[in-house]
Amino acid sequence: MKRQIRINAPAKINLGLDVLGRRDDGYHELRMVMATVRVFDRITLTVTAAPGIRIQTNRGFLPTDSHNLAWRAAAMLMEEAGVEEGLFIDLEKKIPVAAGLAGGSSDAAAVLEGVNRLFDLGLDREALSARGARIGADVPYCLMKGTALAEGFGEILTPLPALPPCFIVLAKPRAHISTAQVFDSLDRMTGWEHPDIDGQMAALAEGDLEGVARHMGNVLELVTAPICPAVGEFREIMLGRGALGAMMSGSGPTVFGIFADEESARAACNALREHPQAAEVFLTAPYEPAGRTGEGKE
Ligand code: ATP
């Protein structure tokens, strides 16, 4: 019988992103409020008799070797466990690449979970998380999913009350932004205003969507917005169509808006699709994993 697993890897957004400073080891000390949204990469893992890991993907420009985070996740667990069979990874990407949505990290997290189950490795969440952190800073969060506070370089995680039901619009500009360059540029800046992460967590605790939106802030936007004008333009389009808040996610350049009603969200999507710099526009909603709120189904 074919041994196969299908997993959905969701995108993440940052409702809040603060950089507290740069550590001696070069990592940045972060404080972020994370949420997952219902835009998924679909990953199918199939055990093969022939050894080795092969990747097939619908995004021809992505690496299919050890430079792909999904490949690295599979190799890490399979080598450690001495698995003699091979693995075929079908990666159907929907999450925009290099967009501030942690698509690669989410794929890696999904592959860690899938390989653990397929080969019965018996690793618990903590063990997977420790291995995931060696692949990328966002991987432990992508294993956890849902609304959470991420500290340290992103690996110290605390679950938070779920983002109240809402509509979320994602708009990815055509520009490509390098996360490393964004952090380098931020290092040369001083005295930025810190977003009120505590205020946002208090709003989440009260189930206050407007409060969550009011406290949205991302210091990395200070770097990305001036070099990518679409960021500010998309934000204005969303706010003009009734978004409670609109901001860039991660190091960008994707901008997201939070809407209380679907009609306004749809109007924003239509307006954004008219913008010449809009590469991809999604209307989506928060995703909370099963067991956290009783949801978790697609
Ligand atoms: P983050 O929000 O964590 O900064 P991102 O959304 O900006 O991540 P990704 O989509 O994860 O960025 O991809 C960043 C780079 O990683 C790309 O340039 C891509 O070539 C490489 N990469 C490796 N594996 C993957 C993968 N499975 N999916 C997407 N990109 C991948």
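Stretched out straight at 0.36 nm per residue, the stretch from residue 222 to residue 285 would grow longer than its current Cα-Cα span by 20.1 nm. Within a straight-line Cα-Cα reach of under 23 Å, residue 145 can be paired with the following lysines, leaving aside sequence neighbours fewer than 8 residues apart in one chain: 12, 93, 94, 172, 297. Given a 1.4 Å probe and every protein chain left where it sits, what share in percent of the accessible area of the chain is carbon and sulfur? So the carbon and sulfur contribution to the accessible surface is 49 percent. Largest first, the extents of the alpha carbon coordinates of segment 4-159 on the three principal axes equal 48, 29, 26 Å. Stretched out straight at 0.36 nm per residue, the stretch from residue 198 to residue 130 would grow longer than its current Cα-Cα span by 21.8 nm.
Across the protein chains, with a 1.4 Å probe defining accessible surface, the residues 36, 48 rank 48, 36 from largest area downward. Give the Debye-formula value of log10 I(q)/I(0) at each listed q (0.16 Å⁻¹), with one equal scatterer per alpha carbon of segment 120-226, two decimals each. Calculated log10 I(q)/I(0) at the listed q: -0.99. Checking every one of the GluC sites (Glu not before Pro) in segment 26-93 against DSSP loop status and a limit of 13 other Cβ atoms within 10 Å picks out 84.
In this structure residue 168 has an accessible area near 0 Å², from a 1.4 Å probe over the protein heavy atoms. Counting only DSSP beta bridges with both residues in the chain, the antiparallel share comes to about 85 percent. Note on segment 169-243 and segment 255-288: Cα centroid distance 16 Å, given to the nearest whole angstrom.
When a/c reaches 1.5 or more, the comparison of a/b and b/c decides; with that in mind, is segment 167-287 rounded, prolate or oblate per its Cα gyration tensor? Because a/c hits 1.5 or more and a/b fails to exceed b/c, segment 167-287 counts as oblate. Projected label points at residue 61 and residue 274, each 7 Å from Cα along the beta carbon direction, are separated by 2.7 nanometres. Here the extension length gained between residue 263 and residue 187 equals 23.3 nm, from 0.36 nm per residue of separation less the Cα-Cα distance.
Each Lys and Arg Cβ is given +1 and each Asp and Glu Cβ -1; about its Cα centre, segment 4-159 then shows a dipole of about 580 debye. Measuring nothing but alpha carbons in the chain and taking Rh as the Kirkwood radius, the Rg to Rh ratio lands at 0.97.
The values are calculated or read from the model by the stated rules, or taken from the named source; none is laboratory data. Just so you know, these numbers come straight off a predicted model, no measurement behind them. Cβ coordinates were reconstructed from backbone atoms using ideal geometry, including for glycine residues, and neighbour counts include every protein chain displayed. Accessible surface is based on the protein model in full, side chains and every heavy atom, while ligands, DNA and RNA are left aside. Shrake-Rupley method; radii C 1.70, N 1.55, O 1.52, S 1.80 Å.
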